[in-house]
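Read the structure below first, then the notes.
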Amino acid sequence: MATSGMPWNRKDLISIEELTADEILTVFKTAQAFKKILNRRTAKTPALRGKTVVNLFFENSTRTRVAFEMAATKLSADVMSLDMKTSSTSKGETLRDTVENIRALAADIIVIRHSSPGTAAYIARVLDIPVLNAGDGAHEHPTQALLDCYTLHEKFGGLQGLKIAILGDILYSRVARSNIWAMTKLGAEVTVVGPATLVPKEFEQLGVTVSHDLKSALADKDAIMLLRIQHERQNVSAFPSLNEYTRMFGLNKTRLSWLKKNAVIMHPGPINRGVEIDSDLADSSQSVILDQVTNGLATRMAALYLCSGGNAESLVKS
Ligand code: CP
């Protein structure tokens, strides 16, 4: 377990809402130590040797699933990713029975993505092993926010006083919720912006500025995070057409100039090129989108390590 200098006494990683700023910084310091290891000729550590990590993804994923698989491999754990479309949940087995059976097969850590908010928290209560939330509906995606904020932390030396805009489908976004918690806990000023149907006033209760005016929302921002329109969670379209969304809110060269010079462009992926962002901006020198993906490996190594009782302080000193 963590020592007093590096707080972390959690079995699970369910949400950013429940973390303190110090706990988030412990993840960053641990991730930084793992980045050093990843740069060695033998980019591997025996930290989780003998443990088995099981990935249960009930929703599609590229980045999160591969990053968790690679993170477990780099920590020398055995890793299994179940194809939930062919699992026995399709025969009527409850989720509780599924995870208790996987636990009975000697799983040591479970990583779960599910369309229902609260699923990871429920599994964490049922099981006595670490459970990491890889996204639960529109609720939270904690490791995404950790890798996003770690990317900003590396780029700017910290988030205190940073001005950040999150643009797009805020209402249905677990990435937005987790990032709002993480960014504000770390001292950033966050503005959420987009059409009123996707950016409701209620978000002010989370300590952010809500705006529907793109030009004023982007003025003086150090970073902008674009979000995809999450059609899979919308019963009715929140705007008339994608073309109209792009015309009103898509990031293009002119709108980029409204931000601070050299502001960074972020996106959690998957990107819909030409919809929320011009394709050439996604590949521009101001884009840190692939840095975010790369940092997803070290931050998920840190999350797996810390939840397994790894000693952050000794790792950082090593
Ligand atoms: N950002 C993110 O969660 O991507 P995937 O859905 O590909 O995991």
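Quick notes on this structure:
- Residue match in the stretch 250-257 (condition: at pLDDT 95 or above, closer than 30 Å to F28 by Cα and touching a Lys or Arg at 6+ places or on another chain (Cβ under 7 Å)): no
- Within the stretch 176-228, considering residues that are open to solvent by 60 Å² or more (accessible area, probe 1.4 Å) and in contact (Cβ under 8 Å) with a residue 40 or more places away in the chain, the one farthest from the chain's Cα centre (by Cα): K215
- Annotation: of all residues in the stretch 146-162 being more than 20 Å from L290 (Cα to Cα) and without any contact (Cβ under 8 Å) to a residue 60 or more places away in the chain, the one that is least open to solvent (accessible area, probe 1.4 Å) is G161.
- Elements of type helices (runs of 4 or more DSSP H) contained in the stretch 55-130, each with 1 or more residues being loosely packed, with under 13 Cβ neighbours inside 10 Å and either free of Cβ contacts under 8 Å to residues at least 12 places away in the same chain or not assigned by TED's automatic domain parsing to the domain that holds L147 (or both): 95-104, 119-126
- Checking each residue in the stretch 59-73 for being near the ligand (Cβ under 6 Å from one of its atoms), more than 22 Å from T45 (Cα to Cα) and not small (G, A, S) picks out only T62.
- Verdict on L146 being assigned to a loop (DSSP other than H, G, I, E, B) and assigned by TED's automatic domain parsing to the domain that holds L226: no
- Scanning the stretch 179-219 for residues that are in contact with a Ser or Thr (Cβ under 6 Å, 6 or more places away or on another chain) and on the phi > 0 side of the Ramachandran plot returns a single hit, G207.
The values are calculated or read from the model by the stated rules, or taken from the named source; none is laboratory data. Note that the structure is a prediction, hence the values are computed from the model and not measured. For neighbour counting, all protein chains shown are included, and Cβ atoms are generated from backbone atoms with ideal geometry for every residue, glycine included. Ligands, DNA and RNA are excluded from the accessible area calculation, which covers all protein heavy atoms including side chains. Shrake-Rupley method; radii C 1.70, N 1.55, O 1.52, S 1.80 Å.
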